[in-house]
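Report on the structure given below.
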Amino acid sequence: MEVQVMVPPRIQPFSFGEDSSTSVLEQGETASVSCLMLSGDLPISFLWLFNGAPLPAEGGDVSIVQPSKKLSVLSIDALSFEHVGNYSCVANNTAARSVYTAALLVNG
């Protein structure tokens, strides 16, 4: 009998600015955050949520790219008040699901 130990994904904490929890950026600025898997068995799938709802990979001024197997990057071209809210990176593998959330605030 062979036993496999699956390692759940572990996300490196991220923020939209220098603060680790809530960031305030200016209207019109560009924002970007990276969801990096520090550990976890492959394959890993990524999903980004905005206030709990899935974000499409393309469309509008928000884009999501996955440059490597353990990294997903969310970018917003021109910040406005409609971008204010909580952004969550969800990482799934066969062992578990991991979620990290950062808040974004926009000054006018």
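The values are calculated or read from the model by the stated rules, or taken from the named source; none is laboratory data. In this text the structure is predicted, and so the values were computed from the model without any measurement. Using ideal geometry, Cβ is built from the backbone for each residue, glycine included, and neighbour counts are taken over all protein chains shown.
Counting only residues that are touching a Lys or Arg at 6+ places or on another chain (Cβ under 7 Å) and hydrophobic (A, V, I, L, M, F, W, C), which one in segment 1-51 is nearest to Ser63 (Cα to Cα)? Among them, the one singled out is Leu36. Scoring Ala95 on the criteria (1) closer than 11 Å to Pro9 by Cβ; (2) in a strand (DSSP E or B) leaves a single failure, condition (2).
If I ask for residues that are of a type in the set (Ser, Thr, Tyr), surrounded by 13 or more Cβ atoms within 10 Å (Cβ to Cβ) and either modelled with pLDDT of 95 or more or under 18 Å from Val90 (Cα atoms) (or both), which ones from segment 13-31 would you list? Write out each step before concluding.
Applying the first criterion (of a type in the set (Ser, Thr, Tyr)) to segment 13-31 yields 15, 20-23, 30.
Next cut, surrounded by 13 or more Cβ atoms within 10 Å (Cβ to Cβ) only: 15, 22-23.
Once the filter is applied, which keeps residues that are of a type in the set (Ser, Thr, Tyr), surrounded by 13 or more Cβ atoms within 10 Å (Cβ to Cβ) and either modelled with pLDDT of 95 or more or under 18 Å from Val90 (Cα atoms) (or both), segment 13-31 yields only Ser15.
Residues of segment 66-93 that are surrounded by fewer than 13 Cβ atoms within 10 Å (Cβ to Cβ) and more than 15 Å from Ala31 (Cβ to Cβ): Pro67, Ser68, Lys69.
Restricted to segment 49-61, and to residues there that are under 14 Å from the mean Cα position of the chain (by Cα) and touching a residue at least 12 places away in the same chain (Cβ under 8 Å), the residue that is surrounded by the most Cβ atoms within 10 Å (Cβ to Cβ) is Leu55.
For segment 62-98, taking the residues that are in contact with a strand residue (DSSP E or B) (Cβ under 6 Å, 6 or more places away or on another chain) and without any contact (Cβ under 8 Å) to a residue 24 or more places away in the chain, the one that is nearest to Gly17 (Cα to Cα) is identified as Val84. For segment 36-75, a residue qualifies if it is part of a loop (DSSP other than H, G, I, E, B) and not hydrophobic (A, V, I, L, M, F, W, C), and the qualifying residues are Gly40, Asp41, Pro43, Asn51, Gly52, Pro56, Glu58, Gly59, Gly60, Asp61, Lys69, Lys70.
The lone criterion from (1) buried (at least 16 other Cβ atoms within 10 Å of the Cβ); (2) under 14 Å from Gln12 (Cβ atoms); (3) under 12 Å from the mean Cα position of the chain (by Cα) left unmet by Gly40 is number (3).
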